[in-house]
Amino acid sequence: MAAALAIRGLRGGRIPPPPHPTGPRRGAASGALQRLGEWFYEVEVVLGWAERLRRRRLRRKNAHYSFIQSLHGHNVAAACFAMSCGGRVRFEGQQRWLCADSRGRWSPEVLQFHHVPVVAVDLSGSQLTYDGLDNFVLLTKLQHLDLSGCPHVDDWALGRLHVFGDSLQELSVARCPRVTERGLATLHQLPKLRCLDVGGLAVQSPGLLRILLEEMLPQCRVLGMEMEEGDPPEAPPELGQPPPPSVTAL
Amino acid sequence: MLRAVRGGRAVWAPRGGSGSGSGGAKLGRPLRTAAPQRSDIFRELGPRLSRLGQALRGQLPESEGAWNSLRPHQNSPPPPERADVVVVGGGVLGWSVAYWLKTLENRRHGMRVVVVERDPTYSQASTVLSVGGIRQQFSLPENIRLSLQSATFLRTINEHLWVPNEPPIDIQFQPSGYLFLASEHGAATLEAGVKVQREEGAKVALLSPSQLKAKFPWINTENVAVASYGLENEGWFDPWSLLNAFRRKAMSLGVYSCVGEVTSFVADTADNTPGMPRGVGRVKYVNVRLPDSPEQQPVSCAIVVAAAGAWTGKLLDSATAGLQGSLTLRRLPIEPRKRYVYVWHCPGGPGLETPFLIDTSGAYFRREGIAGNYLGSMSPPEGREPDVGNLEVDHDFFQEEVWPRLAHRVPAFRSLKQVKSAWAGYYDYNAFDQNGVLGPHPQLPNVFVLGGFSGHGLQQSPAAGRVAAELLLHGSCAAVDVGRLAPGRLWGSEPLLEAAIV
């Protein structure tokens, strides 16, 4: 964990750390289990099993709704998937958002929107992963996508959003602990983007990144990546070389 | 007592007596011409003891710099006498094969795999000196499939290579894609390549010059007929993290890692084994020379994996030099070729969206970080290859060949401020057809050759390692049919050419 932080060069503890594979619930019990795992092979193997179980559960949550897709079309399938993740969805021409109830069941009225395109999806705080985006890549008229606070959305997942290049206008990846400036660089594939929320991301030099994002997406409003109060404009990170001589005869 | 003394003052001071430690007769009152010496001794006692403690701890056998006369090879143990598979070469391909062999073996600890690496600092290894790009834009379906599977592996790297109690692995992948530019001369090849890539499932877009200019306004589209842009699973990452991740996971699965140089093979040939057909040999022992010593350790093994990168050809030549009696080994055309990489700073250069751009002339560059640094180079034209004896950088090559071409393509680079640094590395170049070699050597059936990837070894290493392990364990590979990459083609007449070699 410390090594990953050192690689990214985080300065302060402001940003939530990315979820450690041994679970985001770092209670006293799991900390003790980890320490035991350093001493006993059996505990280490059990920790490995627990991690595999967690991953299997995550994969099942992000399954591809291909059956519903073949029956009712990709819009309905995307809506069903979003609702089963605990998110909300809005169809074209509708004012209200559709979501599952507190028990996780969604009403079958969504099936009537067979040919109506989905225009807005709200998946904030859900367990969406790269594989879960399989359910959304066929949407052609998606305008608003909210992925804030998703702990498993990373740079690879952002790289898949290029399919919404023709329609996406609002995107939020705020507070996603695994998104870095490398994933944000792929957002230039969304030229119609008008509003991008990147608050609470774990990046070095947020001020510089904000300037670069504004240059990359000139018509887009970038929210959330402010330079910290009182931070002097820092020199761009050197590559660890002493000041070299300039190129001769240039 | 020590803690009190470190404070600088003795908690208890003996009453009377002079400062000198002579003991002797007690005086009536202390002679105080200077500060009492006894408290000096105590004041320095604490720091002296802690320095002594540090010096002693540094000498303990477990510490880094200690030399123990009884166990001089403690930090780099010699290889075991018997092993099942010896992997020669500890680069990313070698460790990938070792990892997959241990992952795919049927029974836990069923195989003893030893990885022998000559240089633990990796000062000349192609892996760590690589620019670290991964792309699917090849013209050969095998290459595309290997790259795609490697990209999937890298995306799910924590599922495969995570070791409990370690932080999650971060290879710092930047999914910015590759952009190949083609003039009219190469447009047909590029389009044919894109067709094959799409059939294999890679997501590649073809761009016309106007679309290119709209997407990347800093490009000068003169002489560009068409461009292909990778949309997903393409970009660059940190090779050192991948190598370390493979190594750590493989060692946690029980792979032995040794420092040494493989000098020769001891093989059964027709000379010393009755019934052996002529022209074929079977390696029984691998002689490993230990570092800084003339001592050789013979390791008996069933399979040798020659994954020595750029020196695979040299390894097989020198290792089989003694067998030339009945077994004239044909030379493996895998050799090192030196390539330079230059890093420069250009504040007004292309922005955050910069892909890995490969120009019509072969020059390439990519962004490094977000601070306006770029790195790039060009492969020298045929016939003007630099000398491979050392890794010295030729800065004139940048001035005369690379910079004019890049400045023509990206006008912002004309005001290039300075070349910050440069380095050189070796391609493990397959002089026959610049494609990977994967398969058993036709004359030494238990030597598995894995190399010659000519610049795309790192990006194909996870999948190539898996294919190699499956070929060794199961005899066939279900995922990718790599029959065409077998070493037998190297001495034939039909090179398996790859169009998109950078």
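The values are calculated or read from the model by the stated rules, or taken from the named source; none is laboratory data. Given the structure is predicted, the values throughout are model-derived calculations rather than measurements. No Cβ is skipped: glycine too gets one built from the backbone with ideal geometry, and neighbour counts run over all protein chains shown. For accessibility, only protein heavy atoms count, side chains too; no ligands or nucleic acids. Shrake-Rupley method; radii C 1.70, N 1.55, O 1.52, S 1.80 Å.
Per-structure values
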item	result
Residues satisfying the stated conditions in segment B:124-165, i.e. assigned to a loop (DSSP other than H, G, I, E, B), facing chain A (nearest Cβ under 10 Å) and touching a helix residue (DSSP H, G or I) at 6+ places or on another chain (Cβ under 7 Å)	B:Val163, B:Pro164, B:Asn165
Residue that is farthest from the other protein chains (Cβ to nearest Cβ) [pool: residues in segment A:150-171 that are open to solvent by less than 20 Å² (accessible area, probe 1.4 Å) and more than 16 Å from A:Leu190 (Cα to Cα)]	A:Cys150
Residue within segment B:362-369 that is closer than 23 Å to B:Tyr178 by Cβ, open to solvent by less than 10 Å² (accessible area, probe 1.4 Å), out of contact with any helix residue (DSSP H, G or I) (no Cβ under 8 Å at 6 or more places or on another chain) and within 10 Å of chain A (Cβ to nearest Cβ) present	no
Residues located in segment B:196-221, provided they are assigned to a loop (DSSP other than H, G, I, E, B), free of Cβ contacts under 8 Å to residues at least 24 places away in the same chain and surrounded by fewer than 17 Cβ atoms within 10 Å (Cβ to Cβ)	B:Ser208, B:Pro217
Among (1) open to solvent by less than 10 Å² (accessible area, probe 1.4 Å); (2) more than 11 Å from chain B (Cβ to nearest Cβ); (3) more than 28 Å from A:Arg55 (Cα to Cα); (4) not small (Gly, Ala, Ser) - the single one A:Lys141 does not satisfy	(1)
Residue pairs meeting the criteria (Cβ under 9 Å; at least 6 apart or on separate chains; first part of a helix (DSSP H, G or I), in segment B:183-195; second at pLDDT 95 or above and exposed (fewer than 14 other Cβ atoms within 10 Å of the Cβ))	none
Counted residues, segment A:172-227 - those being farther than 20 Å from B:Gln174 by Cβ, among the polar types (S, T, N, Q) and open to solvent by 30 Å² or more (accessible area, probe 1.4 Å)	1
Residues located in segment B:283-306, provided they are open to solvent by 10 Å² or more (accessible area, probe 1.4 Å), small (Gly, Ala, Ser) and either within 17 Å of B:Gln443 (Cβ to Cβ) or touching a residue at least 24 places away in the same chain (Cβ under 8 Å) (or both)	B:Ser300, B:Ala302
Residue satisfying all of: in segment B:98-113; among the hydrophobic types (A, V, I, L, M, F, W, C) and in contact with an Asp or Glu (Cβ under 7 Å, 6 or more places away or on another chain); surrounded by the fewest Cβ atoms within 10 Å (Cβ to Cβ) among these	B:Leu104
Qualifying residues in segment B:373-399 (those that are among the hydroxyl-bearing types (Ser, Thr, Tyr) and under 21 Å from the mean Cα position of the chain (by Cα)) - the one farthest from A:Leu212 (Cα to Cα)	B:Ser379
Selection count where residues are touching a residue at least 60 places away in the same chain (Cβ under 8 Å), part of a loop (DSSP other than H, G, I, E, B) and under 14 Å from A:Asn75 (Cα atoms), scope segment A:133-156	2
Some residue of segment B:415-422 being open to solvent by less than 50 Å² (accessible area, probe 1.4 Å) and away from chain A (no Cβ under 11 Å)	no
Residue under evaluation B:Pro404, criteria (1) farther than 19 Å from B:Pro333 by Cβ; (2) within 23 Å of the chain's Cα centre (by Cα); (3) surrounded by fewer than 19 Cβ atoms within 10 Å (Cβ to Cβ), criterion not met	(2)
Residue list for segment B:240-258, filter: in contact (Cβ under 8 Å) with a residue 12 or more places away in the chain, open to solvent by 10 Å² or more (accessible area, probe 1.4 Å) and out of contact with any strand residue (DSSP E or B) (no Cβ under 6 Å at 6 or more places or on another chain)	B:Trp240, B:Ser241, B:Arg247, B:Arg248, B:Lys249, B:Ser252, B:Leu253, B:Gly254
Residue that is nearest to A:Leu187 (Cα to Cα), among those in segment A:111-132 that are part of a loop (DSSP other than H, G, I, E, B) and within 14 Å of chain B (Cβ to nearest Cβ)	A:Tyr130
1 or more residues farther than 19 Å from A:Leu139 by Cβ, under 22 Å from the mean Cα position of the chain (by Cα) and at pLDDT 70 or above: qualifying helices (runs of 4 or more DSSP H) within segment A:1-90	A:41-61
Qualifying residues in segment A:95-108 (those that are closer than 20 Å to A:Lys141 by Cβ and free of Cβ contacts under 8 Å to residues at least 12 places away in the same chain) - the one most open to solvent (accessible area, probe 1.4 Å)	A:Gln95
One residue from A:Leu196, A:Leu187, A:Leu201 being more than 12 Å from chain B (Cβ to nearest Cβ), at pLDDT 90 or above and not in a loop (DSSP other than H, G, I, E, B)	A:Leu196
Enumeration of residues in segment B:421-456 that are hydrophobic (A, V, I, L, M, F, W, C), farther than 25 Å from B:Val266 by Cβ and assigned to a loop (DSSP other than H, G, I, E, B)	B:Ala431, B:Phe432, B:Phe453
Meets criteria (assigned to a loop (DSSP other than H, G, I, E, B) and within 26 Å of A:Gln189 (Cα to Cα)) for B:Gln172	yes
Counted residues, segment A:55-108 - those being among the small types (Gly, Ala, Ser) and either under 23 Å from A:Gly149 (Cβ atoms) or within 14 Å of another protein chain (Cβ to nearest Cβ) (or both)	10
Test: residue in segment A:77-88 that is touching a residue at least 12 places away in the same chain (Cβ under 8 Å), crowded, with 21+ Cβ neighbours inside 10 Å and of a type in the set (Ser, Thr, Tyr)	no
